[in-house]
Amino acid sequence: MTAINEVTDLSMDGDVAVVTLDSPPVNALSAKVRDGLYDAFAAAIADPKAASIVLVCAGRTFIAGADITEFGGAAKGKSLQEVQKIIEDSPKPVVAAIHGTALGGGLEVALCAHYRIAVPSSKCGLPEVNLGLLPGAGGTQRLPRIVGPEKALDMMTSGQHIPAPECVAMGLVDELAAEGQLRIDALAFAKRIIAEGRPLKKVRESNAKVEAARGNLELFAAFRAANARKFRGFKAPESIIQCVEAAVDLPFDEGLAVERKLFVELVTGDQSAAQRYVFFAERQVWKIPNVADDTPTIPVQKVGIVGGGTMGGGIAMNFVNAGIPVTIVETSQAALDRGIAVVRANYERSAKNGRFPLADVDRRMALITPTLDLHDIADVDMVIEAVFERMDIKKELFTKLDNIIKPGAVLATNTSALNIDEIASVTSRPQDVIGMHFFSPANVMRLLEVVRADHTSNTVINTSMQIAKKIGKIAALVGVCPGFVGNRMLAARGREAQALLNEGAMPWDVDRALYDFGFAMGPFQMSDLAGLDIGWVKETSKGATIRDRLCELDRRGQKNGAGYYDYDANRASTPSPVTEAIVREFAAKSGIAPRTFTPDDIIERLIYPMINEGAKILEEKKAIRASDIDIIWINGYNWPVYRGGPMFYGDQMGLDKLLARLKEFQAQAGDVWKPAALLEQLVAEGRCFQDVKP
Ligand code: 3HC
């Protein structure tokens, strides 16, 4: 065995040269890896004893892509294109041997090999779109040549990882190796290629599938139309489509030039910078300072959920989906039956939509035990309370849980705003009490705010984070404060949304600005969807707010066809003249001279207070890092991922500019706009939110 460099070896097995990459954690194509690969292939090609070459990786995976940390830096070492060229032009057949994942640049390297073999558990994909990029190493030109333009468009705009057996079916991989036997089977495959005199198959020369689609404009028009909603706001999917059009219309090298130009535009653009930031933020969020990785966890084999309403039922589904049995406790048979029926209906709908076989519905439901007796959850490892949001009710329940539940179990509350220290104070074991704030619908939304109270133990924190991962959530650890992180910032936005109405804006102006910014909907559409009458009491309502007035007119939101908007039978909305008159009346009463707002004015008014609130949260150490706040907003509130989250947005615009605008607003509208002390400090020090270390 010859060491080519720190991460690449070359060895001979009979007449097969084996290039082995070992660059943990994921064999990303760093400069060292590219240099090692280039030199190893040059040596293997030059070695007269080598008849063929196998490329294999050590560790947990084949090459998982370009090294994302290198983007934006100065070019170093061999380029990826030089590495690909030496592989593709090798006069000796090259076999790429795949385990783990062959992703992005990793798959693009494998596509330059003449043959590919993979273990059944491995997956291939071009997930660059998730980083705001397109496959920039020939992937957009080679993939359609193997799988055809339609499948290639699907794969590259979704970024999905395709299991190896499916890759074989679509021609992306030539052979399956036996699991755990990749190296042996790859060597045998390489020897067979030589023995059978098989040709040097170059994907770039295989034109039949792209030529068949030449001139088929309808294919691309239909794809754009079918995905318009999904791609709204994102630049990368359209660039990918244009590359595939080039693959179909142009010779290979010209298509490659189109790919290069569009890749450079994306990699130097704002969206990819934001999405690369989010990639690392999603991994950072799991790392808790002062809670070491080897902190013990409580094995969670059984979960009790108190409250079988919409929230409790949704929470239960998460655990059931992960195969963890759940007992749901309710106070009346009718409520219990209703809750269980809703869960079943949800599962049946998913099965009908093809998410899993119909037979699975019963299998999943069998993991749920309904009961009216709290004692039936005495032996669970984790309890999650999802009862009515009132402190006295929660305290009474936690007093009972303290007496009933086995020692050492996690006692979690799903409160979205109440003080968890106060809830924990009624138990004899505050170290076991934690917040697990799920977002509605709890079986769908990815976010979980894990709320650490004063006395919560590290074991309970670690257990909650680990179980969140197991049930497929992305969890951010936050501290106790009103509304925690997400809802606290939402309240700051909501306050300004209402203020805008008093100054002459209409609800649909506000919603439209946020929609165009990239949110799925604005605050008034959100209120109509949730129901305007949540928390509204008819008997005591005195028309004090616009919302009260709408409810008094029985405008309760989408559910009864009228709220801020009017709705038709298909729930399509139109601005309501009734709402407009009420808004104008309130605006007149406010005494503020009405004015018109541009979408940019509205965005400033809504987004800057959120960032300022985020700065206060960071200053009070209620979030560990700015990027955790961004993760919360992307996964819990639909903040457009291509804008990186509110704190990233603040950093990008420049904190000095943000501070100056906040001060102007403060001068006009008072201390609700007072800038956070942390913001003042960061600007004085020339730093940004991302520089604030936990
Ligand atoms: N570059 C740099 N670092 C990477 C990386 C990459 N491509 N992929 C993963 N890492 C790092 C992660 O940040 C993490 O670091 P940390 O331990 O310090 O937090 C570590 O590797 C392990 O990653 P995960 O925690 O994600 O490990 P998993 O086992 O859960 O997942 C994976 C492995 C499926 C490979 C996942 O890491 C992944 O999806 N990686 C990104 C794949 C990708 O997007 N590839 C395309 C890159 S762009 C490209 O290739 C452009 C080309 O077309 C020119």
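Below are the figures for this structure:
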| quantity | calculated |
| --- | --- |
| Those helices (runs of 4 or more DSSP H) lying entirely in region 258-377 with at least 3 residues farther than 24 Å from Ile632 by Cα and open to solvent by 70 Å² or more (accessible area, probe 1.4 Å) | 333-352 |
| Test: Ser541 is surrounded by 14 or more Cβ atoms within 10 Å (Cβ to Cβ), free of Cβ contacts under 8 Å to residues at least 24 places away in the same chain, out of contact with any His (no Cβ under 7 Å at 6 or more places or on another chain) and not assigned by TED's automatic domain parsing to the domain that holds Asp671 | yes |
| Pick from region 5-28, criterion closer than 22 Å to Lys92 by Cβ and aliphatic (A, V, I, L, M), ranking: nearest to the chain's Cα centre (by Cα) | Leu21 |
| Single match in Leu187, Leu200, Leu134, Leu182 (criterion: in contact (Cβ under 8 Å) with a residue 24 or more places away in the chain, within 16 Å of the ligand (Cβ to nearest atom) and among the aliphatic types (A, V, I, L, M)) | Leu134 |
| Pair list, Cβ under 7 Å, 6 or more apart: region 151-164 residue modelled with pLDDT of 95 or more, other residue among the polar types (S, T, N, Q) and within 14 Å of the ligand (Cβ to nearest atom) | Met156/Thr140; Gly159/Asn130; His161/Thr101; Ala164/Ser122 |
| Among the residues listed as Val244, Val248, Val173, Val147, the single one being over 29 Å from the mean Cα position of the chain (by Cα), in contact (Cβ under 8 Å) with a residue 12 or more places away in the chain and in the same structural domain as Leu55 (by TED's automatic domain parsing) | Val248 |
| Some residue of region 239-248 being at negative phi, part of a loop (DSSP other than H, G, I, E, B) and surrounded by fewer than 20 Cβ atoms within 10 Å (Cβ to Cβ) | no |
| Out of Ile602, Ile624, Ile634, sole residue that is surrounded by 24 or more Cβ atoms within 10 Å (Cβ to Cβ) and over 18 Å from Ser416 (Cβ atoms) | Ile634 |
| Check on Ala378, under 25 Å from Thr459 (Cβ atoms) and either hydrophobic (A, V, I, L, M, F, W, C) or free of Cβ contacts under 8 Å to residues at least 24 places away in the same chain (or both) | yes |
| Single residue of Leu374, Leu418, Leu358 found to be over 17 Å from Gly313 (Cβ atoms), in the same structural domain as Ala468 (by TED's automatic domain parsing) and touching a strand residue (DSSP E or B) at 6+ places or on another chain (Cβ under 6 Å) | Leu374 |
| Residues located in region 94-116, provided they are farther than 18 Å from Ala50 by Cβ and either at pLDDT below 95 or away from the ligand (no atom under 15 Å from the Cβ) (or both) | Arg116 |
| Verdict on Glu585 being surrounded by fewer than 24 Cβ atoms within 10 Å (Cβ to Cβ) and within 30 Å of Leu447 (Cα to Cα) | no |
| Given (1) more than 24 Å from Thr268 (Cβ to Cβ); (2) within 16 Å of the ligand (Cβ to nearest atom); (3) open to solvent by 20 Å² or more (accessible area, probe 1.4 Å), index of the condition Asn27 fails | (3) |
| The lone exception for His455 - which of (1) in contact with a helix residue (DSSP H, G or I) (Cβ under 7 Å, 6 or more places away or on another chain); (2) farther than 16 Å from Ile603 by Cβ; (3) part of a helix (DSSP H, G or I); (4) without any contact (Cβ under 8 Å) to a residue 40 or more places away in the chain it fails | (3) |
| Region 202-217 - residue that is at pLDDT 95 or above and in a helix (DSSP H, G or I) and, of those, surrounded by the fewest Cβ atoms within 10 Å (Cβ to Cβ) | Ala208 |
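The values are calculated or read from the model by the stated rules, or taken from the named source; none is laboratory data. All values reported here derive from a predicted model rather than from experimental measurement. Every residue, glycine among them, receives a Cβ derived from its backbone with ideal geometry; neighbour counts consider all protein chains shown. What goes into the accessible areas is simple: the full protein's heavy atoms, side chains included, and nothing from ligands, DNA or RNA. Shrake-Rupley method; radii C 1.70, N 1.55, O 1.52, S 1.80 Å.
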